[in-house]
Amino acid sequence: MARNRIEYGSICVTAVALFIFYHNFFFFYLLLALALLEFASFLLSKYVFKNAKVYVSIPLISVGENNDIPVDFRTENPTRFPMPGVRLEYTVINNFYPNEETQEMSLPLRTGSNTFRWNIRSVYVGRVALTGSRLRMQDYTGLFVFEREWNENCSISVIPERSDIIMNVIENTMTQGDEQENDSSRTVDDVTQVKEFREYRPGDRIQRVNWKISSKRDELYVKDFEQEYNRTLTLLVELRRDTEEIGFLDELLTAFYSAAVKLLDLEMHFRVQWYDCETGRFMTELVSEPDGLDDALSQMYLMKSYTDYSAYTRYKDEPHGRYDSAIYFTSPSFSASGEHEIIGTFKERVTIICF
């Protein structure tokens, strides 16, 4: 813009100098035309900018980790005058991680409604929000800049990838000893027990096939689980920032999500609990299907991290039945008295405890 003003000023000064030196009215008319041209450019550009609208949206509800996130920018220019472009300033942020980034992009402001797609990428899981801040536009000659606030926003949930390591840990924990038919020696402390083995029926999940017994009988046999009515399984998630390393919560949520998916594969119902440090509430979400898991994950994405073990403290303060069990997702620095068993770790920074 500064360069355009210098060039425009140079032309005007030259025209004035030539008019004075040659006393030729051609240069006067040239100077007058330049002034009128800039005046018309200012008025038309201001009119277009006042009536133009820019909207932003994300067409998806959720996207997998490390995938592109499509963002649609829609410009609406109800006037008959197209503009070379409008500059958008927006911020992309994930609540869990201090990776706020301000970006700018320029879009042509054609007449009518036009949509432009731009892809962004989130390295970490969580709720990724795009928030608009300002719109800027130059007039046709580039001498003036128009600016206003732009309060548009959209967001999307980035779903964790499934970890085979965690899924195997959960399956081994939940079905330990199921290769023994109707094993009556199982302790009542198990979260679930195998009621019986039966022949495979169309519609049964392949994850429930017991391959060891199937190979002995030359037929597919599946595990028929029985979860006692007074038994509650809880996935307890500690949204604690254990270190300054921003990837910790990403790994914690990946471990939780993988475990929850495996439990749903095993056709087990459970509840998810976490602590909301902003409201001081202990949150609970019952999960019996994938949509319920997505709802719980979306709610956790809106939480703020903290520095203590609030979720564990609140869980221990609640009344529990004799056979209630919990799988606790926390950091390796967790230490507490009482009966609990470490059933696995994930990337050396997430500890999975059963109590």
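Just to be sure before I move on: is Leu130 closer than 20 Å to Lys46 by Cβ and either surrounded by fewer than 14 Cβ atoms within 10 Å (Cβ to Cβ) or not assigned by TED's automatic domain parsing to the domain that holds Gln299 (or both) in the structure I sent? Answer is no for this residue.
Lys223 meets all of the listed conditions (1) at pLDDT 85 or above; (2) basic (Lys, Arg); (3) outside any helix (DSSP H, G or I) but one, namely (1). Among the residues of this structure, Ser325 counts as one that is small (Gly, Ala, Ser) and under 13 Å from Leu235 (Cβ atoms).
The set of residues in the stretch 248-297 being polar (S, T, N, Q) and surrounded by 18 or more Cβ atoms within 10 Å (Cβ to Cβ) consists of Thr254, Ser258, Gln273.
Against the condition modelled with pLDDT under 95, among the charged types (D, E, K, R), part of a helix (DSSP H, G or I) and more than 23 Å from Val209 (Cα to Cα), how does Glu251 come out, does it pass? For Glu251, the condition - modelled with pLDDT under 95, among the charged types (D, E, K, R), part of a helix (DSSP H, G or I) and more than 23 Å from Val209 (Cα to Cα) - is met. In the stretch 44-94, counting only strands (runs of 3 or more DSSP E) that sit wholly within it, the ones holding 2 or more residues that are more than 14 Å from Phe146 (Cβ to Cβ), in contact with a Pro (Cβ under 8 Å, 6 or more places away or on another chain) and touching a residue at least 24 places away in the same chain (Cβ under 8 Å) span 68-77.
The values are calculated or read from the model by the stated rules, or taken from the named source; none is laboratory data. Owing to the predicted nature of the structure, the values given are computational and were not obtained by experimental measurement. A quick note on method: Cβ atoms are made from the backbone with ideal geometry, for glycine too, and the neighbour counts reach across all protein chains shown.
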